[in-house]
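> There's a structure below that I have some questions on.
The values are calculated or read from the model by the stated rules, or taken from the named source; none is laboratory data. All values derive from a computational prediction rather than experimental measurement. Neighbour counts are summed over all protein chains in view; Cβ atoms, including those assigned to glycine, are modelled from backbone coordinates with ideal geometry.
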Amino acid sequence: MDGKFKILVLIALMLYVISPVDAVPGPIDDIILCIVYAMANRKCIEG
């Protein structure tokens, strides 16, 4: 991911976590999305 796309995805993730509309009740989906985002960034940095 290039820098602009990473920032755009991070903003979308933060809006999803903050918004009252949720796919799954509770913090489970928020935590999963944060972990996936962190793993995707780590993979890009290493690879």
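One line per residue, one yes/no per condition, for (1) among the polar types (S, T, N, Q); (2) surrounded by 11 or more Cβ atoms within 10 Å (Cβ to Cβ); (3) modelled with pLDDT of 85 or more:
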{"residue": "MET1", "(1), (2), (3)": "no, yes, no"}
{"residue": "VAL9", "(1), (2), (3)": "no, yes, yes"}
{"residue": "LEU13", "(1), (2), (3)": "no, yes, yes"}
{"residue": "ASP22", "(1), (2), (3)": "no, yes, no"}
{"residue": "PRO25", "(1), (2), (3)": "no, no, no"}
{"residue": "TYR37", "(1), (2), (3)": "no, yes, yes"}
{"residue": "ALA40", "(1), (2), (3)": "no, yes, no"}
{"residue": "ILE45", "(1), (2), (3)": "no, no, no"}
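> Say we look at the range 18-42 and pick out the residues that are of a type in the set (D, E, K, R) and part of a helix (DSSP H, G or I); which of these is farthest from LYS6 (Cα to Cα)?
Start the filter on the range 18-42 by keeping residues that are of a type in the set (D, E, K, R), which leaves 22, 29-30, 42.
Imposing the further condition that a residue be part of a helix (DSSP H, G or I) reduces the set to 29-30, 42.
On the way: ASP29: 20, ASP30: 17, ARG42: 12 Å.
It comes out as ASP29.
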